[in-house]
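Here is the structure we will look at.
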Amino acid sequence: VTYKLLMRDDGLRTSETLAKGQPIQDLHDYRSYNLIEMFERNKFSLHAKKIANKYIELNPYFKNKGYSDIDEILETIDYIEEANNISGAENSLKQWLLKHYHSDKINNLLMWFNEEENLLKKTIAVNLLNQGKEQNHIINEFKKNTQKSKDWYNNYKVGSLFWLYSIKGLKKRYAGFNTLINLSGNNIRTMLEFCYSIVEEWISREEYHLPISTKLQNDVIHKCSEEYKKLLQSEDEYSIEVFNMVERIGRLFESLQKSPKQSEVEINHFSIDDDMSEEVKKYIRKCYRTTAFRRIQSNKQKQLSNLRHDAWQLHPRFAPCFGISPRKKKQIYLKNDDVKTILFGSKDSWDKFLRNYSKKFILNEKITNKEQNLFD
């Protein structure tokens, strides 16, 4: 609490540089610390699990039932099972392929589809095709179960699952303690609020069987996420602009997630790549102070007062509102005027910006004109 009240604006400033042993050269070598955002995710996960398990240990009901681990309380979604359970997803994937590729580019891939049972692996194969890889090369690597195919699978499975949901027009499901860690944004209070809400809903439904189902968790997580967003409207005199920023930047990320490039799916933060006006800087800071955004620092800040080298992540707790990934994976670059449109623009100007930016984004990625239909 003391840290949040006294240090959250600029963090703790030190004379340390990112290069070990490098001496201080000038004032610009000073950098800020944010204790929450710099806490390494794996360490936070271990810390959070100890806290969650302590609550379970102190709860008479769970204790009497012999439960001591949060992972025993919350059912976890298996990525393969989740992909296979998306109704009609395989047909949608095939239709997408037939719409965007000539038959000679996908005939062998479709034949392999009939042999392969793992829909998530098929989706990864489509995304590899979108990256320019040849269909027979993809098929051979997966059939031989090579190290390359294993690397593809590990690197692309989460993004491909989100994309599979997007081509079905559905929002991703969220469940499991690992997901709550991602949604918490390294904040213990947020993690506990999600946990409490899930358990309270479980009690109110009088289900009383464990682990708590992924469906119940998903319902509660989406509800909590919407409540977090609504709370932004009651902050203070800047609440309208902060709410607009969260709502609109989330919609932008949601739109870009429809890109057929797998590497572009997990976008949830942005940088401003020209000079920020004082007006925009003021509202970006406001979004940061109300925890609507998280700050992701660049390798080295050239000026303490200059925010343009920072990336700004939509706080992960808002991710379910838009069906996007809470993982910090990919960013986009906006201009100062773009951010002004997002903050203050009328509905018409915002809608125009969203359409134009989405199309521009696809063209920059050299996607064919037909694939722009994803945004229609």
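Values in this text are rule-based calculations from the coordinates and carry no lab data. From a predicted model like this one, the values you see are computed outputs, not experimental measurements. No Cβ is skipped: glycine too gets one built from the backbone with ideal geometry, and neighbour counts run over all protein chains shown.
In summary, region 130-195 shows an alpha-carbon radius of gyration equal to 1.54 times the 2.2 N^0.38 Å reference for compact globular proteins. Note on D274 and Q95: with the Förster distance fixed at 35 Å, the Cβ-Cβ geometry gives a FRET efficiency of about 0.30. Using r as the Cβ-Cβ distance of N114 and H209, and R0 as 35 Å, what FRET efficiency do you calculate, to the nearest 0.05? That pair, N114 with H209, gives E of 0.40.
Going highest first, how would you order 79-89, 347-357 by mean Cβ packing within 10 Å? Display every interim value, and only then the final one.
On the way: 79-89: 15.6, 347-357: 13.5.
Output ranking for 79-89, 347-357: 79-89, 347-357.
Dimensions of region 113-242 from C-alpha coordinates, computed as largest minus smallest value along each principal axis and given longest first, are 56, 43, 27 Å. When the alpha-carbon atoms of region 67-152 are used, the pair Rg, Dmax equals 15.6, 55 angstrom.
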